[in-house]
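Quick notes on the structure that follows.
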């Protein structure tokens with residue numbers, strides 16, 4: 001990615017990137033955000049998670065940090081509800 005074509009392909013889409021706080025995942029999350037995709041960043045470590053979302057938002061991307069343990073179905077459901085409600089409003093607050 002990284003081309004104008006990639007931006008058009010992902011513009012207006014939404015991605016959920018789990019494990020965003022892990023050492024190798026922030027780049028995936030940031031790449032997705034830089035291509036025009038709105039990103040729901042997920043991890044169990046809120047401090048690392050917020051840092052990644054802030055970096056995406058600072059670079060003209062759109063990201064929402066949502067803390068959740070994806071091995072717990074109730075937390076996954078809550079994460080998706082929070083993300084969906086923000087998506088319906090077509091905006092995210094800057095984390």
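Read-outs throughout are calculated quantities, based only on the coordinates presented, and are distinct from any laboratory measurement. The structure presented is a predicted model; accordingly, all values stated were derived computationally and were not measured. Backbone-built Cβ (ideal geometry, glycine too); neighbour counts: all protein chains shown.
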Fewest-first sequence of 50, 77 by Cβ atoms within 10 Å of each Cβ = 77, 50
If R0 = 25 Å, then residue 45 and residue 84, at their Cβ-Cβ distance, give a FRET efficiency to the nearest 0.05 of 0.65
Segment 4-67: D in µm²/s via Stokes-Einstein (Kirkwood Rh, Cα pairs, 37 °C, 0.692 mPa s)?
-> 296
Under 20 Å from a point 7 Å along the Cα-to-Cβ line of residue 69: which residues of segment 17-55 have their amide N that close?
-> 17-23, 41-50
Contact order relative to length for segment 4-67, counting C-alpha pairs under 8 Å separated by 6 or more residues, stands in percent at 33
